[in-house]
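**Student:** Here you go, one structure.
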Amino acid sequence: MPLRTSWAKDACPIARGADVFGDPWAVLVLREVFIGNNRFDGIRTQLGIAESVLSNRLRRLVEAGILCLEPYISGGRPRNKYCLTSAGVDALSVLHAIAGWAQRNTAAPEGKLMRVICSLCGTDSAPGFLCASCGEQFELSTTSWDHPNAPGRVISLGKAETIENAEASRFSAAP
Ligand SMILES: [Zn+2]
């Protein structure tokens, strides 16, 4: 028996989107992959999440076509890391929408705000769909976060692993 109702086939796109992003762990796992923390142990440590819950959310994000599995060997053991598919990269606007709404409508502890830096024009603005200065859409390759969880360190999202650069590095590693 399913744990909850699935809205994956609902006619309403808000319902279908909520089916994927309507879970705090799924959204926070996605945030970690965007900032380059894309290995199981790293995500578990950062989020303080139970292994079974993390396995479940990663599996759901893979099934939803947002993350892809990228096997690698560490210490002679096979392990998995997770990269963003094109649908995953497209979820940047979802994370910015959630963050923008929260900054407008919820209290920030100690007034700590998140700023999004656009490398096209070099200015920073509140999280949103478009850069407030040059009007361009925030893209992975041109976006950095000045994030309350990493004070004093600007996080370039261009370093996030995507399916394209995972395949490119696999190709270049071939003999
Ligand atoms: Zn800009």
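**Student:** Return P(r) of the chain (all Cα-Cα pairs; 5 Å bins starting at 0; whole %; ordered from short to long distances).
**Tutor:** Calculated P(r), rounded to whole percents: 1, 7, 15, 19, 19, 17, 11, 6, 3, 1, 0.
**Student:** Kirkwood hydrodynamic radius, region 86-175, all distinct C-alpha pairs: what's the number in Å? Intermediate values should be presented prior to the final figure.
**Tutor:** Working: mean 1/r = 0.0702 Å⁻¹.
Kirkwood hydrodynamic radius for region 86-175: 14.3 Å.
**Student:** Here's a follow-up. Could you work out the local net charge near Ser144, counting Lys and Arg as +1, Asp and Glu as -1, over the other residues with Cβ closer than 15 Å to its Cβ?
**Tutor:** Values: positive: Arg31, Arg115, Arg153, Lys159; negative: Asp124, Glu136, Glu139, Asp146.
Local net charge: 0.
**Student:** If you average the sequence gap of Cα pairs under 8 Å that are 6 or more apart and divide by the length of region 1-74, what percent do you get for the contact order? It would help to have the intermediate numbers written out before the result.
**Tutor:** Numbers: 37 pairs, mean separation 15.3, N = 74.
The normalised contact order for region 1-74 reaches 21 percent.
**Student:** Can you tell me which lysines have their Cα less than 29 Å from the Cα of Lys112? Leave out same-chain residues fewer than eight positions away.
**Tutor:** Partners found: Lys159.
**Student:** Helix-only mean residue ellipticity at 222 nm, the chain, DSSP H runs n ≥ 4 weighted -39,500 (n - 2.57), per residue, nearest 500. What is it?
**Tutor:** Values: 7 runs with 70 residues, N = 175.
So the calculated ellipticity at 222 nm is -11500 deg cm²/dmol.
**Student:** To continue, here is another question. Roughly what would the spin-label model give for Lys9 and Thr106, points 7 Å off Cα along C-beta, in nm?
**Tutor:** 3.3 nm
**Student:** Please report the antiparallel percentage of DSSP beta bridges with both residues in the chain, rounded to the nearest 5. Kindly include the intermediate steps, with their values, before the conclusion.
**Tutor:** On the way: 20 of 21 bridges.
Expressed as a percentage, antiparallel bridges in the chain total about 95.
**Student:** Note down the Stokes-Einstein diffusion coefficient of region 1-90 in µm²/s, whole number, using a Kirkwood radius over alpha carbon pairs, 10 °C, and 1.306 mPa s. Don't skip to the end; give the middle numbers.
**Tutor:** Numbers: Rh = 13.8 Å.
In µm²/s, the coefficient rounds to 115.
**Student:** Here's something else I'd like to know. What Cys residues in the chain are without a partner cysteine, judged by a Cβ distance under 4.7 Å?
**Tutor:** By the Cβ distance rule, which asks for a partner under 4.7 Å, the isolated cysteines are Cys12, Cys68, Cys83.
**Student:** While we're on this one: What size of dipole, in debye to the nearest 20, comes out for region 22-175 about its Cα centre when the only charges are +1 on Lys and Arg C-beta atoms and -1 on Asp and Glu C-beta atoms?
**Tutor:** On the way: 15 positive and 15 negative charges, 88 e Å.
Computed charge dipole of region 22-175: roughly 420 debye.
**Student:** Spelling out what I want: for every residue of region 48-64, take phi, set θ = phi - 60°, compute 6.51 cos²θ - 1.76 cosθ + 1.60 (Karplus), and round to whole Hz; glycine and proline get x.
**Tutor:** The phi angles translate into x, 9, 5, 4, 5, 5, 5, 4, 4, 5, 5, 4, 5, 5, 5, 4, 7 Hz.
Laboratory data are not the source of any read-out in this text; all were calculated from the coordinates shown. Bear in mind the structure is a predicted one, so any value in this text is a computation, not a measurement. As a convention, Cβ positions derive from the backbone with ideal geometry for all residues, glycine included, and neighbour counts pool all protein chains shown.
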